[in-house]
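A short write-up of the structure that comes next.
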Amino acid sequence: MDLLYGLGQIIYANTQDKMETKHKDIWGKLSKIDCTDQIDKKMGLKYLSWAWAWGIAMENYPDTEFDVKYFSDPSNATKMYPYEILPDGTATVWVEVIIENVRRLMWLPVMDNRNNPIKNPNSRQVSDTTMRCLVKCLALFGLGHYIYAGEDLPDTAPEEPQESRTTAHVTPQKVSPPAWVVSCQLRFGTKEDKVNKYCIGKGYIKQGQTFRDLKDNERQLLINNIEAVCKTLGI
């Protein structure tokens with residue numbers, strides 16, 4: 001038993017050392033990327049484009065994943081929403097990012113254009129906040145972390161040669177999918193065809209179209225009842 005316990009301790013210590021090294025490697029790479037040209041300002045706050053930030057993460061770590069957390073409705077446990085409803089009626093979204101098995105969890109309140117928390121937020125407000133929360137979670141891995149510290153540029157050591165600065169080059173995308181489409185894609189996974197057939201059967205779209213072609217009313221209906229639809233379709 002003593003021998004097995006000792007081996008277990010050695011394996012655990014080695015695993016911890018490897019994870020610590022991995023944490024440092026990820027931070028070392030992403031924290032050196034200069035995001036200055038990609039920063040937008042709104043109502044005194046700085047924002048980083050989620051599409052750009054996700055592109056950088058995938059460029060450096062193609063296995064990157066993120067998970068939007070779902071919570072039960074306090075008044076009806078059978079209903080699930082992609083945000084946490086607080087006692088005062090405001091909401092908070094939670095996003096987890098996984099890079100090479102390193103996990104980071106971040107939260108962000110759903111706010112209006114004056115940065116005040118919103119009661120009973122609509123799907124667009126939740127969707128936009130979710131993607132901003134994704135960017136904030138990526139900052140925990142180093143990407144643009146200095147934005148949230150009020151800094152204009154990443155920290156650099158005086159002796160660090162200029163060549164060591166990682167410059168991010170991403171091929172610009174002509175069209176970025178709306179945040180609601182990205183959220184649906186993440187929920188549907190590889191079962192989009194089932195959803196498309198469902199929408200066609202309901203008469204929401206025509207043959208050859210996809211759920212992306214839904215009109216405003218039908219789109220809102222799908223978003224509001226996405227969990228029920230997925231359960232019906234076995235997704």
Filtered residues of the stretch 110-131 (kept if in contact (Cβ under 8 Å) with a residue 40 or more places away in the chain and out of contact with any strand residue (DSSP E or B) (no Cβ under 6 Å at 6 or more places or on another chain)): 113, 114, 115, 123, 124, 126, 127, 128, 131
Hey, residue 190 at pLDDT 75 or above and in the same structural domain as residue 86 (by TED's automatic domain parsing) or not: no
Residue within the stretch 34-51 that is of a type in the set (Gly, Ala, Ser), in contact (Cβ under 8 Å) with a residue 60 or more places away in the chain, within 21 Å of residue 128 (Cβ to Cβ) and in contact with a Phe, Trp or Tyr (Cβ under 9 Å, 6 or more places away or on another chain) present: no
Tabulated pairs, the stretch 56-73, first under 19 Å from residue 127 (Cβ atoms) and part of a strand (DSSP E or B), second at pLDDT 95 or above and of a type in the set (S, T, N, Q), C-beta under 8 angstrom, 6+ apart or interchain: 68/130
From 20, 100, 59, residue being out of contact with any Ser or Thr (no Cβ under 7 Å at 6 or more places or on another chain) and on the phi > 0 side of the Ramachandran plot: 100
Subset of the stretch 200-221 (residues that are under 14 Å from residue 184 (Cα atoms) and either over 29 Å from the mean Cα position of the chain (by Cα) or β-branched (Val, Ile, Thr) (or both)): 210
Any hit, the stretch 99-108, residues being outside any strand (DSSP E or B) and farther than 28 Å from residue 221 by Cα: yes
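I'm checking my understanding of the structure. Among residues of the stretch 197-229 that are of a type in the set (Ser, Thr, Tyr) and assigned to a loop (DSSP other than H, G, I, E, B), which one is surrounded by the fewest Cβ atoms within 10 Å (Cβ to Cβ)?
210
Which ones in the stretch 20-54 are assigned to a helix (DSSP H, G or I) and within 29 Å of residue 116 (Cα to Cα)?
Within the stretch 20-54, 36, 37, 38, 50, 51, 52, 53, 54 meet the criteria.
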Scan of the stretch 24-36 for residues that are over 12 Å from residue 147 (Cα atoms) and out of contact with any helix residue (DSSP H, G or I) (no Cβ under 7 Å at 6 or more places or on another chain), ordered by number: 24, 25, 26, 27, 28, 32
Inter-residue pairs, beta-carbon under 8 Å, first under 19 Å from residue 128 (Cβ atoms) and in the stretch 79-94, second part of a loop (DSSP other than H, G, I, E, B) and among the hydroxyl-bearing types (Ser, Thr, Tyr), 6+ apart: 81/70; 82/70; 91/83; 92/83; 93/83; 94/83
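The values are calculated or read from the model by the stated rules, or taken from the named source; none is laboratory data. Since we're looking at a predicted model, the values are computed, not measured. No Cβ is skipped: glycine too gets one built from the backbone with ideal geometry, and neighbour counts run over all protein chains shown.
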